[in-house]
Structure formats: structure tokens, C-alpha cells
Amino acid sequence: MKYSGKFIVLEGPDGSGKTTQIARIEEYLRQRGADFISTREPGGVAVAEKIRRVILDVDNAMSGLTECLLYAAARREHLLNKVIPALEQGKTVICDRYVMSSLSYQGYGRGLGSDVLDINKRAISVNGEEYWPDINIYLDVTPEVGLGRIHAKDADREINRLDLEQADFHQKVRDGYLQLIQEYEGQFAEIDASQSEEQVFADIKNVIDSLLFAESRQDFS
Ligand SMILES: Nc1ncnc2c1ncn2[C@@H]1O[C@H](COP(=O)(O)OP(=O)(O)OP(=O)(O)O)[C@@H](O)[C@H]1O
Ligand SMILES: [Mg+2]
């Protein structure tokens, strides 16, 4: 391993609470005095933010493969220019979505299958090394719950092109995530995100504590 920081990714369907929980994680890590950055995909650096606007624009119809390639391009720019430099400085990186989002949304949701993995392996390979997260914290909700939250009258979140997909697409995405958890056992921590915000955070905190703070825990008994 060429870096000492930990790479933590939040995954889950639309409206599962990733962005909400990242704000809580930031507050917690600040309290603990951890050296960290928090970032999001697609985006996080200027070129990738521009690609994000192309992908999410409700006026841009495009093929599933085009969408997959755009996500992968944004991912690589973000990885090279933001994630890897932070990890190399020993920082913890908290990232809203990464490769598992492409595998579920484009692989399962769009039905592109294993092409998505091939494209993403290329996108996250740097000097012969693939940059996979230390953990994917997966927030599980049904499409009914997730989309219900997003479309709630008081939700402050913008509606994007992928939100406008049919219910069937969102069901495939969630089923895709559940398959990926089986396939990539050990890379996921699965959390029931239909619980209250407080309870979801308590579960996330356990995962983060064991990843970041367990080795420094001292036993005075
Ligand atoms: N545990 C929860 N219970 C009820 N509502 C919640 C919970 N967590 C988040 N919400 C609300 O659900 C909505 C969506 O949450 P959020 O934007 O954090 O989801 P997200 O996973 O980031 O969605 P997206 O993938 O679309 O970016 C927000 O209005 C938020 O306040
Ligand atoms: Mg979000």
C-alpha cells in the first residue's frame, strides 16, 4: 500500500441519506480531530463537476454506455487530483459514491453488465494499482422510501435526470446493490437506512470507529 489514509465511500440508492449522513460524519471527525476531506462523485474537481452537469442535465438524452464512460471519466479526474493526493498525505477521504454506484446504476439499472466493471477498473488504475475503497458503507432503502423522501415537499434537493427514471429502474438499482454485497463480501458495511437519521448515524459511527480509531483504543483495565 502506497498511502496511509483510509478511503471511505458512502453508497446507496437515491434518497437513502448519503449526503445527510456525510454532514454528520464530518461533524464527528472534526470532534475527533481527524485529518480528513469529504468529497462527492461525480464532481469534486473542476473538470469532473463539468462532466457532472452533462450527465445530470434533464435535457441530455444519451446511451447507457455514454453515461457509463462519462462517470468513469469524472471518476478518474477526481481520483487523480483529489482522492489520491489526500490519501498520500495520510488523510481520511469520505466520498459520496464511487465504483459501486456505476456497477449498480449502469451495470444493473441500465443492464450494461460486466462492461461497467471493465471500464471502471481502467478508470481507477494508477501505476498498475487499482484504488478500491477500504469500506463501502451501503445505506439500504427501498425505492419507495428513497424516492418518497426526495419527492417530499420539504426536500431541498434538486431533481436530476436519473431521478426521473421509471420505478423499475430504481428497483433494479437496489437489487443490484444487494447482489454486489454478496459478490464483494468484505468490501461492504450494510446499514438499514430506513431507520431514523440518528440511528443510521449510530450504525455508521460503529463502522468508522473500528476502521479509524480501533488501533488507538487503549485498554486500562
Ligand atoms: N433517516 C432518514 N429518515 C428520514 N428522512 C431522511 C433520512 N435521511 C435523510 N432523509 C431525508 O431524505 C432526503 C434525501 O436525503 P439525502 O439527500 O441525504 O439522500 P442521498 O442518499 O444523498 O440522495 P441522492 O443519492 O439522491 O443524492 C432529504 O430530504 C433528507 O433530509
Ligand atoms: Mg446526495
LEU112 being buried (at least 19 other Cβ atoms within 10 Å of the Cβ), free of Cβ contacts under 8 Å to residues at least 60 places away in the same chain and not in a helix (DSSP H, G or I): yes
Cβ-Cβ under 8 Å pairs, at least 6 apart or on other chains, segment 54-70 side in a loop (DSSP other than H, G, I, E, B), far side exposed (fewer than 12 other Cβ atoms within 10 Å of the Cβ): VAL58/LEU164
Matching residues, segment 177-186, being over 15 Å from SER16 (Cα atoms) and surrounded by 16 or more Cβ atoms within 10 Å (Cβ to Cβ): LEU180, ILE181
Residue list for segment 19-35, filter: of a type outside the set (Phe, Trp, Tyr) and either more than 11 Å from ligand 2 (Cβ to nearest atom) or at pLDDT below 95 (or both): ARG24, ILE25, GLU26, GLU27, LEU29, ARG30, GLN31, ARG32, GLY33, ALA34, ASP35
Any pair with Cβ under 9 angstrom, 6 or more apart, that starts in segment 86-104 at a residue that is closer than 17 Å to ASP14 by Cβ and without any contact (Cβ under 8 Å) to a residue 40 or more places away in the chain and ends at one that is aromatic (Phe, Trp, Tyr) and not in a strand (DSSP E or B): SER102/TYR71
Condition broken by GLY5, with the remaining ones in (1) more than 16 Å from ligand 1 (Cβ to nearest atom); (2) in contact with a strand residue (DSSP E or B) (Cβ under 6 Å, 6 or more places away or on another chain); (3) assigned to a helix (DSSP H, G or I) satisfied: (3)
Answer from SER38, SER16 - the residue that is without any contact (Cβ under 8 Å) to a residue 60 or more places away in the chain, buried (at least 16 other Cβ atoms within 10 Å of the Cβ), of a type in the set (S, T, N, Q) and within 16 Å of ligand 2 (Cβ to nearest atom): SER38
Options GLN218, GLN199, GLN171, GLN182: the member that is of a type outside the set (A, V, I, L, M, F, W, C), touching a strand residue (DSSP E or B) at 6+ places or on another chain (Cβ under 9 Å) and either more than 16 Å from ligand 2 (Cβ to nearest atom) or at pLDDT below 95 (or both): GLN199
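The values are calculated or read from the model by the stated rules, or taken from the named source; none is laboratory data. Since the model is a prediction, treat every value here as computed from it, not as a measurement. For neighbour counting, all protein chains shown are included, and Cβ atoms are generated from backbone atoms with ideal geometry for every residue, glycine included.
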